[in-house]
Amino acid sequence: MTWNDVVIEVLCWGWIDGIKKSIDELAYLQRITPRTTRSNWSKRNTEHVECLISEMEVPADFVAAAESQPRVKAFFETLNKSNRYAIAYGMISAKKPETRLRRFAKFMNI
């Protein structure tokens with residue numbers, strides 16, 4: 001996994017990369033923490049998120065199901081693009097159908 005892959009993944013879930021600590025010449029530890037309301041957005045991370053949001057579409061079956069439930073639809077409409085992206089990413093990144101269904105059901109039960 002490249003450093004860029006790590007940054008994109010943590011941004012999807014609202015986390016941020018932090019302090020890097022060298023282990024030796026070839027390896028290092030990277031601190032990854034949840035983003036807080038006081039976390040600053042770097043220009044690079046802002047560009048990553050804008051790109052991810054513009055590329056991501058919420059799966060059609062999810063939209064149809066959300067539209068059929070007024071409470072879920074109302075909640076979904078209050079979300080900003082970053083939060084919508086996180087939900088969409090959770091749906092399409094599932095490797096197993098059962099994982100996708102579990103995530104789908106979790107959101108629909110809000």
(message) One residue is enough: does the range 42-50 have a residue meeting the conditions closer than 14 Å to residue 9 by Cα, hydroxyl-bearing (Ser, Thr, Tyr) and outside the structural domain of residue 13 (by TED's automatic domain parsing)?
(response) no
(request) Look at residue 27 and say whether it is small (Gly, Ala, Ser), loosely packed, with under 14 Cβ neighbours inside 10 Å, modelled with pLDDT of 80 or more and closer than 29 Å to residue 4 by Cβ. (result) yes
(request) For residue 67, state whether it is over 30 Å from residue 109 (Cβ atoms) and charged (D, E, K, R). (result) no
(message) Tell me yes or no: at least one residue of the range 69-83 is in the same structural domain as residue 8 (by TED's automatic domain parsing), exposed (fewer than 14 other Cβ atoms within 10 Å of the Cβ), hydrophobic (A, V, I, L, M, F, W, C) and under 17 Å from the mean Cα position of the chain (by Cα).
(response) no
(request) May I ask you to say which residue of 46, 33 is surrounded by 10 or more Cβ atoms within 10 Å (Cβ to Cβ), among the β-branched types (Val, Ile, Thr) and part of a helix (DSSP H, G or I)? (result) 46
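The values are calculated or read from the model by the stated rules, or taken from the named source; none is laboratory data. Just so it is clear, the structure is predicted and the values come from calculations on it, not from any experiment. Quick reminder, even Gly has a Cβ in these numbers, built from the backbone with ideal geometry, and neighbours come from all protein chains shown.
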